[in-house]
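Worksheet: the structure to be examined is printed underneath.
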């Protein structure tokens, strides 16, 4: 479940106009049927998952995901609060021990003060079932992550903007066997942005992060997994015309593990995104880059990711939308996880293709069909797998 919240101390904004007040409340229910032909992400040479998990486990499975949620907005003068909630109940046909409750919620306050200051603040919470493909844990593990954030923009003049932000993130696993992955991260950033126009800008940002492991198997702090991180980035965006826009960044990241000689990283990071609107109904987004990343459900296992993706979209009509994501990546693990000592050096390559079709037969109904194909190859055979997922869902909006 994802829940985002903000402390009620901001409930009376300092700069507002009570004559301009509006509210919007939307409630929805949905149901999705999902078929996964490799639900545990097992290697292709593993014919059955029963020996690894339990006599009840099955390699492939159907699941039914029932959801209820809301999307709400409250605008008070120049202050706006958005609240999005969703609760999911997942039931599996064969692997019933994976049945779980998950969901998401977002609460964000977008504020303005005077003619120069603006920003946002909020609180996020997400809870979802972890996949076994990266942790090699074949039981039920629910990963929860909470994020508190605050960002500010202050216009020094018509073109120069001062930026600042804070983040506080907690990530935890429900399975005791994976609680070595529990982390608490605190970060802050400052920067300057030069806006030459509404569509073109360039900026510099510095970010510092302090990350601490919360516990290991014996509920004792894993000091060797703590790290600090410094990141400097130059970012920019540029619109060639109404059809073509570029945005991206280039920077340098340095990570230090004070109590361990393993896992340290220093190197360049960068990304370039291109948006191209072929027609009024057709668009293409391309992305290429390099960064230090980790899977959401394996936060202690970091890798340098070099990859690219292409995302075409076609609004065939007011009722029919078709879009896809095709991505490729090379993953070079930096030995930040204790498994490095037993498994050795790891290099992976990942290819993924996803197609989504959305059809709105009526104003209150959305029908969706999605297909995802992923192939993961690794120098460590335990992480080799192929996975195909089909999803069909119906959403009713009130």
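Just a few scattered comments:
- Of all the residues in region 243-262, those that are part of a loop (DSSP other than H, G, I, E, B) and within 25 Å of residue 178 (Cβ to Cβ) number 6.
- Verdict on residue 145 being within 14 Å of the chain's Cα centre (by Cα) and either within 29 Å of residue 203 (Cβ to Cβ) or without any contact (Cβ under 8 Å) to a residue 12 or more places away in the chain (or both): yes
- Only residues that are within 14 Å of residue 299 (Cβ to Cβ) and either out of contact with any helix residue (DSSP H, G or I) (no Cβ under 8 Å at 6 or more places or on another chain) or in a strand (DSSP E or B) (or both) were counted across region 114-141, and they come to 3.
- Some residue of region 379-394 being under 27 Å from residue 254 (Cβ atoms), assigned to a strand (DSSP E or B) and touching a strand residue (DSSP E or B) at 6+ places or on another chain (Cβ under 8 Å): no
- Check on residue 202, more than 24 Å from the chain's Cα centre (by Cα) and over 24 Å from residue 259 (Cα atoms): yes
- Residue 290 within 19 Å of the chain's Cα centre (by Cα), on the phi < 0 side of the Ramachandran plot, surrounded by 16 or more Cβ atoms within 10 Å (Cβ to Cβ) and not in a loop (DSSP other than H, G, I, E, B): yes
- Residue check for residue 341: farther than 26 Å from residue 282 by Cα, modelled with pLDDT under 95 and under 20 Å from the mean Cα position of the chain (by Cα): no
- Taken over region 343-398, the criterion of being exposed (fewer than 15 other Cβ atoms within 10 Å of the Cβ), under 17 Å from residue 31 (Cβ atoms) and without any contact (Cβ under 8 Å) to a residue 60 or more places away in the chain is satisfied by 361, 362, 364, 365, 369.
- Restricting attention to region 93-113, the residues that are without any contact (Cβ under 8 Å) to a residue 40 or more places away in the chain and assigned to a strand (DSSP E or B) add up to 1.
- Residue check, residue 37 buried (at least 19 other Cβ atoms within 10 Å of the Cβ), touching a strand residue (DSSP E or B) at 6+ places or on another chain (Cβ under 9 Å) and touching a residue at least 12 places away in the same chain (Cβ under 8 Å): no
- Scanning region 133-149 for residues that are touching a strand residue (DSSP E or B) at 6+ places or on another chain (Cβ under 8 Å) and either surrounded by fewer than 16 Cβ atoms within 10 Å (Cβ to Cβ) or within 30 Å of residue 386 (Cα to Cα) (or both) gives 133, 140, 141, 142, 143, 144, 145.
- Checking each residue in region 263-285 for being exposed (fewer than 14 other Cβ atoms within 10 Å of the Cβ) and in a loop (DSSP other than H, G, I, E, B) picks out 278, 279, 280, 281.
The values are calculated or read from the model by the stated rules, or taken from the named source; none is laboratory data. As the structure is a prediction and not an experimental result, all values here were calculated from the model. Reconstructed Cβ throughout: ideal geometry from the backbone, glycine too, with neighbour counts over all protein chains shown.
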